[in-house]
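The values are calculated or read from the model by the stated rules, or taken from the named source; none is laboratory data. If you're wondering where the values come from, they're calculated on a predicted model, not measured in any experiment. Neighbour counts are summed over all protein chains in view; Cβ atoms, including those assigned to glycine, are modelled from backbone coordinates with ideal geometry.
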Amino acid sequence: MLHKDVFEQLMSEEEIEKTVSEIAAKINEDYSDRPLVVVGVLKGSVMFLADLYRKLELDECQLDFMAASSYGSSAVSSGSVRITKDIDCNVKERDVLIVEDILDTGNTLSFIKEHLLEKGAASVRICTLFDKPDRRKKPIKADYTGKVIDDLFIVGYGLDYSERYRNLPYVGVLRSEIYS
Ligand code: PRP
């Protein structure tokens with residue numbers, strides 16, 4: 001049964017499983033012969049990252065985390081991104097894959113990508129479960145995308161509204177009366 005604040009389901013647990021497997025297969029192919037650093041962006045990506053990472057069959061894929069915030073507790077991106085936790089490992093001359101739950105305005109990911117390139121990463125690719133291209137404010141594209149969606153407010157499987165709903169096992173569209 002759906003949470004009472006969720007209007008409709010956008011991606012079921014089964015669909016999530018299938019989508020994550022498809023993305024993992026592509027990553028396994030692309031990085032079969034080179035070491036990778038996987039950087040999860042806290043907190044929204046944790047469920048996706050945990051599922052995706054376990055499907056990677058690479059010899060060397062180090063795991064690290066970053067946290068950045070442009071929303072605070074608001075539903076609107078402020079545009080200015082703040083790094084609240086940086087990576088611990090050295091990415092100099094290494095291939096990096098950023099894992100995110102959602103690419104929206106692009107403010108967060110363009111900032112993080114630039115930040116990792118400035119640290120000397122050989123390459124930085126982006127993997128996102130959801131992409132809202134219509135909302136883009138920065139010219140940034142994902143290299144691996146689970147699902148392209150319209151401008152809907154989605155929650156669940158890590159995605160929150162005001163720190164709620166991250167624990168839902170599926171992804172759903174939040175009722176507009178909750179956030180408006
Ligand atoms: C969300 C999401 C992305 C970002 C995407 O994070 O996880 O990092 O917003 O939006 P953008 O493309 O407009 O920058 P949020 O700041 O809400 O933090 P959270 O992951 O801890 O929920």
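Of all residues in region 1-59, which are within 16 Å of the ligand (Cβ to nearest atom), without any contact (Cβ under 8 Å) to a residue 60 or more places away in the chain and either closer than 16 Å to TYR170 by Cβ or out of contact with any Phe, Trp or Tyr (no Cβ under 7 Å at 6 or more places or on another chain) (or both)? If the condition is that a residue be within 16 Å of the ligand (Cβ to nearest atom), without any contact (Cβ under 8 Å) to a residue 60 or more places away in the chain and either closer than 16 Å to TYR170 by Cβ or out of contact with any Phe, Trp or Tyr (no Cβ under 7 Å at 6 or more places or on another chain) (or both), then LEU49, ALA50, ASP51 are the ones that fit. With respect to (1) away from the ligand (no atom under 15 Å from the Cβ); (2) of a type in the set (Gly, Ala, Ser); (3) touching a residue at least 60 places away in the same chain (Cβ under 8 Å), the lone exception for ALA122 is condition (3). Meeting the requirement of 1 or more residues that are of a type outside the set (A, V, I, L, M), farther than 26 Å from ALA24 by Cβ and more than 16 Å from the chain's Cα centre (by Cα), the strands (runs of 3 or more DSSP E) wholly within region 81-180 are 82-85.
Residues in region 134-163 that are more than 26 Å from ASP5 (Cβ to Cβ) and either out of contact with any strand residue (DSSP E or B) (no Cβ under 6 Å at 6 or more places or on another chain) or basic (Lys, Arg) (or both) were compared, and the one that is surrounded by the most Cβ atoms within 10 Å (Cβ to Cβ) is ILE140. Just checking, how many residues over region 164-180 are surrounded by 15 or more Cβ atoms within 10 Å (Cβ to Cβ) and among the hydroxyl-bearing types (Ser, Thr, Tyr)? Qualifying residue count for the region: 2. Annotation note: Cβ proximity below 7 Å between a residue of region 150-168 that is free of Cβ contacts under 8 Å to residues at least 24 places away in the same chain and a residue that is surrounded by 13 or more Cβ atoms within 10 Å (Cβ to Cβ) and not aliphatic (A, V, I, L, M) (sequence gap 6+ or interchain) occurs for ASP151/LYS132; ASP151/ARG135. Would you check if VAL96 is over 30 Å from PRO35 (Cβ atoms), among the aliphatic types (A, V, I, L, M) and more than 9 Å from the ligand (Cβ to nearest atom)? No; evaluated as a whole, the condition is false for this residue. The listed residues are GLU22, GLU8, GLU15, and the only one of them that is in contact with a strand residue (DSSP E or B) (Cβ under 9 Å, 6 or more places away or on another chain), part of a strand (DSSP E or B) and modelled with pLDDT of 95 or more turns out to be GLU8.
Matching residues to (1) surrounded by 15 or more Cβ atoms within 10 Å (Cβ to Cβ); (2) basic (Lys, Arg); (3) out of contact with any Cys (no Cβ under 8 Å at 6 or more places or on another chain):
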residue: LYS4; (1), (2), (3): no, yes, yes
residue: ALA24; (1), (2), (3): yes, no, yes
residue: TYR31; (1), (2), (3): yes, no, no
residue: ARG34; (1), (2), (3): no, yes, yes
residue: LEU56; (1), (2), (3): yes, no, yes
residue: GLU60; (1), (2), (3): no, no, yes
